[in-house]
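See below for the structure under consideration.
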Amino acid sequence: MKSDTQSDPRPAPAKSGKWVLPGLGLLQGLAVTGRNLIESFYKKERMTTIQYPEQRAPISPNYRNIPFLCYDDNPEAGLRCTACKICEKSCPPQCIYIVMDRDEHGKVRNRPKVFDIDSSVCMGCGLCAEVCPFDSIYMDGEFELATDDRFDSLQLHLDDLSKSAEYHLQLRPKQATEVLERRKADAEKKAAKAAAKAKADAEKKAKAEAEKKAAAEAESEPEAATEKNENEAPEAKKAEAPQQELKAEQPKEEGGGE
Amino acid sequence: MIALLILSPLILLAALGAVWKARPVHAALLLALTLSLGGALYIALGAGFLGLVQFMVYVGAVAVLIVFSLLITRPRDEVEEIARRPKSLLPGLLCTLPLLAVLLYAVGRNVPETTTEAVELPIKRIGELLFTTHAPAVLAIAILLTAVLLGAALFAREPSKKP
Amino acid sequence: MTFLIAQTEEPSLWSPEWLPLLPKRLVENLLEHFNAPEWLISLGGTGAGAATVLAVFMTGFALLSLIERKTLARVQNRIGPNRAGWFGILQPVADGIKMLTKEDIVPAKAEKLLHLLAPILIVVPAILALGVLPYGKEWIPVPMELGLLFFFAVGSLTELAVFMAGWASGSKFPMLGAMRAISQMVSYELPLVLSAIAVIMVSGTLSLPDIVSQQGGFHLGFLPAWNILTPWGLVGGLVFFIASIAEANRCPFDLPEGESEIVAGHMTEYSGFKYALFFMGEYLGLFAISGLGVTLFLGGWQAPLPGLDFVPSWIWFFGKLAVIIFFFLWIRATWPRLRMDQLMRFGWLGLIPLSLLTIPAAGIWSLLQRSQHGLLAWLVTVPLLLVPFVIMTVLFNKRLARSNRTYRFAES
């Protein structure tokens, strides 16, 4: 290992003829820190300290800690969770406990009666949020969960975990807007389908009624009125057709308006 | 007089401890105590300058030198030290008691009849005396100390780097 | 005590100049009223005076610990402690309570008596040294004719106490730290005393009040006659202040107690109140030695301009002390730590020659000044100090400009 001349990281040494007053660098350093000291009193961008707990640092939208359940308008009726237990099965440390809600006859009501997450066990992996098919469980950014009770206060129940869709929008704008738009598009599609179906049903019903009426009139006036009836029937049919169309448009409007 | 009565036994006890104690560090610190009590005695006897200089030089430099050398060279511990001691006190007493008798005789012959109040020399006078009447002694000590300093620098010098 | 200076006349009780002496004079008047014997009056008066000084400097110590943290924080672009009371003013109280309520742990291998004595022996010299400084025209707790010598004598006791702290703890870090601390303190005591000797030579006296009164008066009508405004005084003053930073074990000379180097050096095995005593001893020692520097070189309680005599003299003293301590804080926030060999080299090869030079320079200066050759004094002393300084910087540059580092053992 020869003495490495090439890799000496120090700056090139001063020529021996040049005289430098030692200590000037020290004074330069004092000037820098002096400026720091004076400017720290009036320049706001120097002091980046955030005075916790009066102020809080903004958290990144990618930050995740423990999950929360999303509801649309009403914490009980609008809760999106249907207690399908997919998240419970996919949780690696098995910290979710779900019990399906049943009505008095024992029939399932697709919402959870008990939804417990043990926040001391939850490792924040986000797998439950990834697998949920009902846009119901998402990862929260809440980290100030410290309590002085070791066991019960760290268990979070349904009321603690339910948070509104507006909160989700505030927390993760991109993800929340995407989810809301998708849900709205799905709802519109569903409504359009329902309206089309209703229109088809209404048309079928009107057609059936028109045929019944035609049959009844045909029976009441057998010979002389047959021509009249035949003349009237297409007229009646024509008169009834716009009526039917009007009737058909009404349910369509109603379906579109929902 | 009161100061002398209080300080003398303390000095004697500290000096005995400094000589007797088996642990070197304790002995060194008791030596420092002895020297500082001696300085206090000088102050009580009216030689303030000398007392404070005693403090500064002996306690602040000599004692520190001794304890520093103790720190660097960790000396033998207590058990070995006690084991190295001679079994009986008689040879030591035979050497020191005659010396003590001679010293007491010499001091006793020169005790003045009346005790005078201590007159403290002003510092200016001390300085003048040092550098005029006693100048040769000061010079000799200065040369000695310079030689010591040069010798120490020579010993502590890094070996010259010859390729 | 035969070597105390006689006191001056005492005017009214309530003038601002006499304000700090109020407790002492109140106690003395009270005892006199009750016809107490002479020794009791003087004892009571001195006790009250000492209590005043202690109260002032303990408050100063508490405030300094807070101001240091906040100033260091501001330099580092952050806010210092501001939770314990308005702007953190109760932080020293919180620190004190913490230190008092901590468990006092003594290592099993430690020597108990020495371990206990060491912090006491560090605080006592600092407090003793605070007693001889002249804080104002009339405010000197213990006016001694040998004040300066007393100061240095008790200062040298600190080194022994550091050794005791290091040895008695019985573990590696304290012993190493004590070794380094003692060698540093002994090395830097020399420039300290040598630069003070120049002042003694010029003033002709060891008593600090006389040294201060000799720095009164103004040259050319407005320049104060402080010692630092003379060539030898400038060099001597700078050397003195640098050496006092080293004596107080502060950055950039705090290798013996730097946290990233050696835990806490000789104070490692101390907890709770003993550590608080070490801390207090260090800061009080800093006050004492900066106060001495102000007294010797910056004119003590003398006002800087002719018209400012109406301000009480002790305000000037504490103002100058505050400026010096602010510089020490600024330096602490800025410069990196010196390594042990750099430290020693700087002390022995840099400061001692300079301080040795100030002695003949001061002698020549005062002789020429006294024989009314003011200009000649400047013309002779400035080159006398400057030329060796320039030679030293040339040598220093040569040392820096060495070629690449060669490794003694790693070459093959």
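The numbers here are math on the coordinates, done by the rules we state, and not lab data. Values in this document were obtained by computation on a predicted structure and should not be read as measured data. With ideal geometry, Cβ positions are generated from the backbone for all residues, glycine too; neighbour counts draw on all protein chains shown.
In the protein assembly as shown, a dipole from Cβ-located charges (positive for Lys and Arg, negative for Asp and Glu) runs towards its positive end, and of B:L7, C:S65, C:F279 it is B:L7 whose Cα lies farthest in that direction. Centre-to-centre, using Cα atoms only, region C:285-319 and region C:338-398 are separated by 25 Å.
Remark: the Cα gyration tensor places region B:1-87 in the oblate category, a/c being 1.5 or greater and a/b not exceeding b/c.
Which of the three applies to chain B, rounded, prolate or oblate, going by the alpha-carbon gyration tensor with a ≥ b ≥ c and a/c under 1.5 meaning rounded? The shape class here is oblate. Farthest toward the positive end of the dipole of the protein assembly as shown, out of B:L30, C:A303, C:W330, is the Cα of B:L30, where the dipole comes from beta carbon charges about the Cα centre. Centre-to-centre, using Cα atoms only, region A:120-144 and region A:66-99 are separated by 9 Å.
Distance check, please: which entries in A:K85/A:K107; C:K102/C:K274; C:K137/C:K320; C:K274/C:K320; A:K107/A:K199; A:K113/A:K163 exceed 21 angstrom between their Cα atoms? Pairs exceeding 21 Å: C:K274/C:K320; A:K107/A:K199. The alpha-carbon atoms of the protein assembly as shown define a convex hull whose volume equals 394 cubic angstrom per residue. Database remark: amide H of A:R111 closer than 5 angstrom to the amide H of A:D101 (H placed geometrically; neighbours at sequence offset of 5 or more, or on other chains; Pro and chain starts carry no H). Taken about its Cα centre, chain C carries a charge dipole of about 1680 debye when Lys and Arg each add +1 at the Cβ and Asp and Glu each add -1 at the Cβ. Close amide H contacts of C:G300 (hydrogens built in the peptide plane, cut-off under 5 Å, sequence separation of 5 or more or a different chain): C:T295.
Between C:W348 and A:F41, the simple spin-label model (points 7 angstrom out along Cα→Cβ) gives 4.5 nm.
The alpha-carbon atoms of chain C, seen along their principal axes, cover 85, 63, 45 angstrom, with the largest extent given first.
Under a point-charge model restricted to the Cβ atoms of Lys and Arg (+1) and Asp and Glu (-1), what is the dipole moment magnitude of the protein assembly as shown relative to its Cα centre, in debye to the nearest 20? The dipole of the protein assembly as shown has a size of about 4280 debye. Between the C-alpha center of region A:23-63 and that of region B:1-34 there is a gap of 57 Å. Each peptide in B:31-38, C:151-158, A:98-105 gets a packing score, the mean of other Cβ atoms within 10 Å over its residues, and the list from highest to lowest is C:151-158, B:31-38, A:98-105.
Counting only DSSP H runs of at least 4 residues, each contributing -39500 (n - 2.57), and dividing by the residue count of chain B, the helix-based mean residue ellipticity at 222 nm comes to -23000 deg cm²/dmol. In terms of overall dimensions, the C-alpha atoms belonging to region C:299-358 reach 49, 31, 14 Å along their principal axes, ordered largest to smallest.
Remark on A:S162: its backbone amide H falls under 5 Å from those of A:L69, a criterion applied only to residues 5 or more positions apart or on other chains, H modelled at 1.01 Å from N. Our coupling estimate for region A:123-138, obtained by passing each phi through the Karplus curve with A = 6.51, B = -1.76, C = 1.60 and θ = phi - 60°, is 9, x, 6, x, 5, 4, 5, 6, 8, 5, x, 10, 6, 9, 10, 9 Hz, Gly and Pro reported as x. Just so you know, the averaged projected area of the alpha carbon convex hull for region C:19-93 sits at 6.4 nm².
First obtain the Kirkwood hydrodynamic radius of region A:67-171 from its Cα pairs, then insert it into the Stokes-Einstein equation at 4 °C and 1.567 mPa s, and state the resulting D in µm² per second as a whole number. Calculated translational D: 91 µm²/s.
Couplings 3J(HN,Hα) for region C:279-286, derived from phi with the Karplus relation 6.51 cos²θ - 1.76 cosθ + 1.60 (θ = phi - 60°), are 4, 5, x, 5, 5, 5, x, 4 Hz, where x marks Gly and Pro.
Relative contact order, whole percent, for chain C stands at 19, derived from Cα pairs under 8 Å and 6 or more residues apart.
Scoring B:17-29, C:235-247 by mean Cβ neighbours within 10 Å over their residues and listing the highest first yields C:235-247, B:17-29.
Projecting label points 7 angstrom from Cα along Cα→Cβ for C:D341 and A:Y167 puts them 6.4 nm apart. Summing Cβ point charges (Lys, Arg +1; Asp, Glu -1) relative to the Cα centre of region C:204-354 gives a dipole of roughly 220 debye.
When only C-alpha pairs under 8 Å and at least 6 residues apart count, what is the relative contact order of region C:64-187, in percent? The normalised contact order for region C:64-187 reaches 20 percent. Per-residue Karplus couplings for region C:309-318, computed as 6.51 cos²θ - 1.76 cosθ + 1.60 with θ equal to phi - 60°, are listed in order as 6, 6, 6, x, 5, 5, 5, 5, 4, 6 Hz, Gly and Pro entered as x. Within region B:1-19, name every residue whose backbone N is under 16 Å away from a label modeled 7 Å from Cα of B:E113 along the Cβ vector. Output list for this probe position: empty.
Each of C:E32 and C:V56 was given a label point 7 Å from its Cα along the Cα-to-Cβ line. The distance between the two points is 2.2 nm. Ordering C:G265, C:L130, C:A51 by Cα displacement along the dipole of chain C toward the positive end leaves C:G265 in first place; charges were set at the Cβ atoms of Lys, Arg (+1) and Asp, Glu (-1).
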